[in-house]
Structure formats: C-alpha cells, structure tokens
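**Q** Please find one structure pasted underneath; my questions will follow.
The values are calculated or read from the model by the stated rules, or taken from the named source; none is laboratory data. Just so it is clear, the model here is predicted, and its values are computed rather than measured. Here Cβ is always computed from backbone atoms with ideal geometry, including for glycine, and neighbour counts include all displayed protein chains.
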Amino acid sequence: METTLQKYLPELAVAPCFELIKTHGVHLKIVNHRVTRHGDYRRLPNGLHLITVNASLNKYRFLITLVHEIAHLVAFEAYGRRIKPHGTEWKRTFQHLMVPFIRPEVFPTQLLPIIANHFKNPKASSSTDARLSIALKAFDEEERKNSYVYELPTGSVFRLYNGKLYKKGKKKVKRYECVELSTGRLYLFQPNAEVELVQDVTG
C-alpha cells in the first residue's frame, strides 16, 4: 500500500497517510475517474471502512480528498453516526487531520495561503471553494479540454458532462445564471464548474 501511495501523494505525505490508513482500518480503493465526486467513504455491512479516491486527481487534490474521507470515518467513530456528514464535528476533525500536511515540504508555496484559508472553514468539497479548485487545477497533468464557466463569454452555449446544453447568463452574487436550452429553466452555476464550450458568442 505504501508503494501505491507514492504514485498518488506528495512524497512527504506518504508515510503519515499510510499511518492514518493503518490506524483507522481503512480499505483504500483507487478508482477510475468519476465526474460527480473525487472520493467517497462507506462503512460496509461487515464493518469494513471503504474509502475510494479517483486515480485521476493530481497529488495535492488526492491528499486533500483522502484526508477528507478519513475525517468522515474518524468523526463518525468519535461522535456517532447521527452527526451531519459535513457538520461542525467533521470540520473540526478534518482541520485537525490536515494541520500536519499544511507546510511547504508537502504543498507548493503558492498553494499554502489558499489551503490555509480553505481550512479555516472547510467546505463539503474542495470543488465548492472556487479559489482552491482553480489553484489545484494548475497542477493537473492532463491537458484540460474543458473550460470553467467563469472563463466563458456571456451568451456562450456549453455542455455539461451529462450532455445537457446551457446558455451562460449574468453573474448573480458568486454564481452564474444559466438557462437550460431544452427546458428554458434557470440554474445557478459555480464559477469553477467544468463544462465543454459548444458555441462561443465571440467566434
């Protein structure tokens, strides 16, 4: 397992992550890319703690995702199964587990202030923190074919991973109003939602 982790984590995060996995009896499964989630934690009927993490994540997002899921396990064990999945108990646990990793030996210097800010009040997903998500995306190895909603000109048509088409509208506070073309319904999109540009109004 430690050898496998070396492929997916920053070098100095491997040993402490391996310790967390051993200490908490985690069965870690590294899976193919899933669009809707980076990772997942489930307690199986046999009591096994199964955590899955996408193999396609860069090593910094992989680390945050792995610790995020271990924090679910630790919080449920400490406070009981009736707590909110991303409530106060989970946030405190996640912060506590991440503290040893938030240092320049693990994360690039330019990421540290953004990560430190995120962990003042961690979100349910690193993707819902637009600033962190965009900063982490810069370390992806694969060339990005998709665009972020915030990059598209107003009026552009884009496609989601499920094939549905939308037209980008105006920014409403932090999110963008977009119309689903087939139904005319209005939806709010995070600025860092990844989409495929279909029709550029400037082109």
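**Q** Residues to consider are Leu181, Leu197, Leu186; find the one that is among the hydrophobic types (A, V, I, L, M, F, W, C) and crowded, with 17+ Cβ neighbours inside 10 Å.
**A** Sole residue among the options that is among the hydrophobic types (A, V, I, L, M, F, W, C) and crowded, with 17+ Cβ neighbours inside 10 Å: Leu197.
**Q** Test Phe139 against the stated conditions and say whether it is closer than 30 Å to Pro100 by Cα, among the aromatic types (Phe, Trp, Tyr) and out of contact with any Pro (no Cβ under 6 Å at 6 or more places or on another chain).
**A** Answer is yes for this residue.
**Q** Shifting gears a bit: Looking only at segment 108-130, which residues are at pLDDT below 90 and over 15 Å from Met98 (Cα atoms)? So that I can check it myself, show each step before the final result.
**A** First, pick out the residues of segment 108-130 that are at pLDDT below 90: 123-130.
If the condition is that a residue be at pLDDT below 90 and over 15 Å from Met98 (Cα atoms), then Ser127, Thr128, Asp129, Ala130 are the ones that fit.
**Q** Restricting segment 24-49 to residues that are among the polar types (S, T, N, Q) and closer than 25 Å to Lys123 by Cα, which is surrounded by the fewest Cβ atoms within 10 Å (Cβ to Cβ)?
**A** It comes out as Thr36.
**Q** Which residue, of Arg92, Arg159, Arg81, is closer than 25 Å to Leu50 by Cα and surrounded by 15 or more Cβ atoms within 10 Å (Cβ to Cβ)?
**A** Going through Arg92, Arg159, Arg81 in turn, just one is closer than 25 Å to Leu50 by Cα and surrounded by 15 or more Cβ atoms within 10 Å (Cβ to Cβ): Arg92.
**Q** Going through segment 105-114 one residue at a time, which ones are part of a helix (DSSP H, G or I) and either of a type in the set (Phe, Trp, Tyr) or more than 16 Å from Asp140 (Cβ to Cβ) (or both)?
**A** Across segment 105-114, the qualifying residues are Leu112, Pro113.
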